[in-house]
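The next block holds one structure in the form of structure tokens; read it before the comments.
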Amino acid sequence: MALSLPEPLRIGGDPRLLAIPAATALAGLLVVVVLYAPWAHAVAIALGLVAGAALLPRPYFAVLAFLALRLVLDLLWWAEGTVGGLNLLQLASAAVIAATVGLLVLRLKDVLRHPMLPWLCVLSCLVALGALRADSLTEAMKLSAELTTPWLLLALVTVLADSPKKRVGVLVGTAIAGVIPVLSSLRHVALGTGTFHLHGYDRLLGDYANLHNHALVMAVLTAVAITAIALSRTHWQRALGAALLLGAGACLVLTYVRTALLAVAAFLVIFLVLEKRWRWVAGLGVAFVLLVLFSGTVQDRFSDLVEVFTMAETESRDDLGSGRWMLWKEGITHYRRGGPADWFLGRGLGAHWAATSQHIDPHSDLLSVLLQIGPIGLLTWIGGALLGAWRAFRVVREAEARSDRTLAAFVLGLLVVMGISVAISNAFITRPSLGWVAWALVGVCFAVPLTSHSRGRTP
């Protein structure tokens, strides 16, 4: 006689069934942590375990907490001490990844129908092969998580954001979480601290370990704030969105990071065009012309864009883009030196660190992916991004709810931000916080039911 499980115990049942075994496991882990971990880590991990146990029966809010946690923990990169060889940020990331996989298993039937699943499977297989060819197991585990976790979160958001209100909630939750890093950076602006001098400018670093990470986080939060304003229904909602926009925008400008500034400009154009805000588009065009003509800072910071097309063939371009051109040349040369297996499968996870003479990453996420998991892996990542863009485009045209169409316009703009950033910088692939937040927001579009016509749209 075949064993028949009660309905709630089957995969796809109530997530609250995980609460009892999870609470038992968490309690045991808490005892170990308190006994053997440094006291500060013990307190942080204990709070995390309690919060995790409370959120586990509420997977939608757990996802929002995952994204908020990642944004905030970026500010705590300086925390010392490890547990099992992992620092606080790595421990939190590992816990989130485990919880994400567990929640996806509970909704396996829905996940198996996700359009991104074939792309995720191919990417995961190539990452696994890359991990086998890596020189360091620890580095392989870290990079495997960086490459695959964002798409896992995308799938989880798609499964859980099953109503317009929940889909808007993902963006609003990101905006609320973003208040903390924005206030943290504004504190440094007010105190005149948290800056360093680079290429003739005092750059705002804030509480971040890396200037580009700070700039790109502020760029994403600027885009989030613009969309939140567009979705607002009351004056106080618009005021709060405007406050976040001004704060994040000011911090972004004070970083003087060209990649982030260019990406936000592209986002604005795409979002306003899709939203048919033609007066704003015209105003943006006028502002752009005035800045190019009369702003010495803009002319100086973006002069490389002109020089790359006007320099003589005999002149060296190695210093363009703060030395990026040289790094890209070295990265491509390193890739071409490999054998046939390396040309198709890459040279293994972590191979991008050895691609340049300075032993730093080549400052292009796309080139880093090519070096590690080969052209098939690169095309897989690009294919996933294009699939997300196509889905967002269809939502803009076919979704019934006005909020869904606005979110899709945001996602299309965000994917352009991602595309620009990963091509010319280390951004949404090698910086986990950016990848988690961005791909989770892309997942919103896959949750929108589509119609074959435009009738019945809500205003």
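The values are calculated or read from the model by the stated rules, or taken from the named source; none is laboratory data. Fair warning: this is a prediction, and the values are worked out from it, not measured in the lab. Reconstructed Cβ throughout: ideal geometry from the backbone, glycine too, with neighbour counts over all protein chains shown.
Key figures for this structure:
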{"read-out": "Residues (under 23 Å from Val63 (Cβ atoms) and either hydroxyl-bearing (Ser, Thr, Tyr) or surrounded by 15 or more Cβ atoms within 10 Å (Cβ to Cβ) (or both)) located in segment 116-140", "value": "Met116, Trp119, Leu120, Leu123, Ser124, Val127"}
{"read-out": "Filtered residues of segment 231-279 (kept if crowded, with 18+ Cβ neighbours inside 10 Å and of a type in the set (D, E, K, R))", "value": "Arg258, Glu275"}
{"read-out": "Selection from segment 355-396 of residues that are surrounded by fewer than 18 Cβ atoms within 10 Å (Cβ to Cβ), hydroxyl-bearing (Ser, Thr, Tyr) and in a helix (DSSP H, G or I)", "value": "none"}
{"read-out": "Candidate set: segment 333-352, residues that are of a type outside the set (Gly, Ala, Ser) and touching a Ser or Thr at 6+ places or on another chain (Cβ under 9 Å); chosen: the one farthest from Thr430 (Cα to Cα)", "value": "His334"}
{"read-out": "Pairs with Cβ under 7 Å, 6+ apart, first in segment 291-311 and among the basic types (Lys, Arg), second in a helix (DSSP H, G or I) and modelled with pLDDT of 80 or more", "value": "Arg301/Arg258"}
{"read-out": "Pairs, first among the hydroxyl-bearing types (Ser, Thr, Tyr) in segment 327-347, second part of a helix (DSSP H, G or I) and surrounded by fewer than 17 Cβ atoms within 10 Å (Cβ to Cβ), C-beta under 9 Å, six or more apart", "value": "Tyr335/Trp343"}
{"read-out": "Among the candidates Leu414, Leu371, Leu386, residue that is more than 23 Å from Ile226 (Cβ to Cβ) and at pLDDT 95 or above", "value": "Leu386"}
{"read-out": "Any hit, segment 343-354, residues being assigned to a loop (DSSP other than H, G, I, E, B), more than 22 Å from the chain's Cα centre (by Cα) and within 23 Å of Ile97 (Cα to Cα)", "value": "yes"}
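To keep it simple, each residue is scored yes or no on (1) under 19 Å from Phe267 (Cβ atoms); (2) of a type outside the set (A, V, I, L, M, F, W, C); (3) assigned to a loop (DSSP other than H, G, I, E, B); (4) touching a residue at least 60 places away in the same chain (Cβ under 8 Å).
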position: Ala175; (1), (2), (3), (4): yes, no, no, yes
position: Ile180; (1), (2), (3), (4): no, no, no, yes
position: His188; (1), (2), (3), (4): no, yes, no, no
position: Ala209; (1), (2), (3), (4): no, no, yes, yes
position: His214; (1), (2), (3), (4): yes, yes, no, no
position: Met218; (1), (2), (3), (4): yes, no, no, no
position: Ala239; (1), (2), (3), (4): no, no, no, no
